[in-house]
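The values are calculated or read from the model by the stated rules, or taken from the named source; none is laboratory data. Remember, predicted model here, so these are calculated numbers, not experimental data. Heads up, the Cβs are rebuilt from the backbone with ideal geometry, glycines too, and the neighbour counts pull from every protein chain shown. Heavy atoms of the whole protein, side chains included, go into the accessibility calculation; ligands, DNA and RNA do not. Shrake-Rupley method; radii C 1.70, N 1.55, O 1.52, S 1.80 Å.
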Amino acid sequence: MAKSANIETQLVHLGRTSADDVLAVNPPLVRASTTVFPTLAAFRQSYHGIAFETARYGRSGTNTVFELQTAMAALCHAESCLATGSGLNALIAVLGAHAEPDKQILVQNDVYGPARVYAETELRRFGCRVSFFKDLNQLSDLICDRTTLVLIEVPTSLTMQMLDVRQVCNIAQKFGVPVACDSTWGTPCYFDAHGLGIDISIHAATKYINGHSDVILGLITGSYEKLASTRAWCSLYGTHVAPDAAWLGLRGLRTLDVRMERHQENAFIVAQWLSKHKLVEKVLFPVLSTDAAHLLWRQQFSGGAGPFTIELAECDETSFSRFIDALTLFGLGTSWGGFESLVMPALPHNLRATEVLPDVGRRVRLHIGLENAGDLCDDLDGALSKL
Ligand SMILES: *Cc1c(COP(=O)(O)O)cnc(C)c1O
């Protein structure tokens, strides 16, 4: 591809090397369990290549997966990228790879719920100490010579908390501890994780990278050195990405920046409108200048994504159901990052973060899609009137 530092051009041209072979715009979808080699020498050689970057056996990827990984590594200014079967699988691979009996992993309080559950159950069962922190002070107090990994997420799922990423990295660096970050919300368009000092960046490509709500896919970026243990873990545990999922991930990348611009614009309009509504107690969205995390967001992100959380005025279950069921443009479901708007009750048991989530006003997570922003406000207005 013609070299360009501009992400719009990169998104269109990266990861298409094999398209030339088939005289098409898109790279061919290569499905394979067996990789066949022309000679014994080539067969043997394949076992000296880097796992998940060399055609060897279907489980370690086909050219379609390699195209996506190469594109993602370049977009994220990283040496390497590892694709996994899901975003959760990516988080678990990074956590699992750094776990050792009697060592310690530090996890930010409100990270993606299932990753937290894995840390609390499996990692502890394995004998690894796991501690949770909510801010820089707690991180500084907990980090020690036994620490093998710090895992953060900005902003955190559902609670939308923000950390100073550079400070987290400074603290960890003093102890030689790698920092991993769930970068799903910001996407490679708006969040330069490695530029801020993150060693291992994790994306649920299920969300914006695919962008069409029809694929489950994870991506991990970093240097070969920093990804070495995670790569070995993925090899050991038989991690695999379906080439079909990788192909759709690549297709999603082509329009990522265009979609993000609309998500950003719409989310801002809807969030501002909601923040003025009398039945909305709070809007948790760092993009709004009134949000406590706004300054940190401005310093660390070049744009805002579509998911945010609102807290409704106190209401009973019946009127809450009436509100949710009256929405017509917002689908009711888990996940986000597709072209469509979604609504999901933010259940406290998903979070464990009871101190930030009193079960008084109902918290609701919205994902603002690509529809007309005025239509979305009208839909919310109609549903709020049912509260
Ligand atoms: C959805 C999500 C994940 C998990 O991704 P899956 O592909 O659904 O497993 C991880 N982190 C964040 C922030 C997410 O929103």
> Mind checking which residues of the stretch 87-120 are more than 16 Å from the ligand (Cβ to nearest atom) and either under 16 Å from P178 (Cβ atoms) or of a type in the set (G, A, S) (or both)?
Replying inline: A97, H98, A99, E100, K103, Q104, I105, L106
>> Please go through the stretch 135-151 and give me each residue that is part of a helix (DSSP H, G or I) and open to solvent by 20 Å² or more (accessible area, probe 1.4 Å), ordered by number.
In response: L136, N137, Q138, S140, D141, L142
>> Please go through (1) under 21 Å from L75 (Cα atoms); (2) acidic (D, E); (3) within 14 Å of the ligand (Cβ to nearest atom) for D257 and return the number of the only condition it doesn't satisfy.
In response: (3)
>> Take the residues in the stretch 201-217 that are surrounded by fewer than 24 Cβ atoms within 10 Å (Cβ to Cβ) and more than 10 Å from the ligand (Cβ to nearest atom); name whichever of them is farthest from Q300 (Cα to Cα).
In response: D214
>> I'd like to check something: does the stretch 170-192 contain any residue that is surrounded by fewer than 24 Cβ atoms within 10 Å (Cβ to Cβ), more than 23 Å from D102 (Cα to Cα) and more than 16 Å from the chain's Cα centre (by Cα)?
In response: yes
> K207 passes all but one of (1) touching a residue at least 12 places away in the same chain (Cβ under 8 Å); (2) closer than 30 Å to S319 by Cβ; (3) among the basic types (K, R); which number fails?
Replying inline: (2)
> Quick one: in the stretch 73-86, which of the residues that are touching a Leu at 6+ places or on another chain (Cβ under 6 Å) and farther than 17 Å from A245 by Cβ is nearest to the ligand (Cβ to nearest atom)?
Replying inline: S80
> Of the numbered conditions (1) more than 21 Å from V168 (Cα to Cα); (2) open to solvent by 10 Å² or more (accessible area, probe 1.4 Å); (3) away from the ligand (no atom under 16 Å from the Cβ), L123 satisfies every one except a single condition; which is it?
Replying inline: (2)
> Listed residues T39, T70, T34; which is open to solvent by 30 Å² or more (accessible area, probe 1.4 Å) and in contact with a Phe, Trp or Tyr (Cβ under 8 Å, 6 or more places away or on another chain)?
Replying inline: T34
> Given the residues I220, I198, which is the only one that is within 13 Å of the ligand (Cβ to nearest atom) and within 16 Å of the chain's Cα centre (by Cα)?
Replying inline: I220
>> What's the total number of residues in the stretch 218-269 that are outside any helix (DSSP H, G or I) and either more than 22 Å from T64 (Cα to Cα) or hydroxyl-bearing (S, T, Y) (or both)?
In response: 5
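Listed here are the residues, each with its yes/no results for (1) assigned to a strand (DSSP E or B); (2) open to solvent by 10 Å² or more (accessible area, probe 1.4 Å); (3) of a type in the set (S, T, Y).
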residue: L295; (1), (2), (3): no, yes, no
residue: R298; (1), (2), (3): no, yes, no
residue: S302; (1), (2), (3): no, yes, yes
residue: A313; (1), (2), (3): yes, yes, no
residue: T318; (1), (2), (3): no, yes, yes
residue: L329; (1), (2), (3): no, yes, no
residue: W336; (1), (2), (3): no, yes, no
residue: E340; (1), (2), (3): no, yes, no
residue: V343; (1), (2), (3): yes, no, no
>> With the structure loaded, tell me whether F132 is open to solvent by 30 Å² or more (accessible area, probe 1.4 Å) and modelled with pLDDT of 95 or more or whether it fails that test.
In response: yes
> Quick one: would you say L163 is in contact (Cβ under 8 Å) with a residue 24 or more places away in the chain, in a loop (DSSP other than H, G, I, E, B) and either basic (K, R) or within 11 Å of the ligand (Cβ to nearest atom) (or both)?
Replying inline: no
>> Looking at the stretch 272-293 only, could you name the residues that are in contact with a helix residue (DSSP H, G or I) (Cβ under 8 Å, 6 or more places away or on another chain) and part of a helix (DSSP H, G or I)?
In response: W273, L274
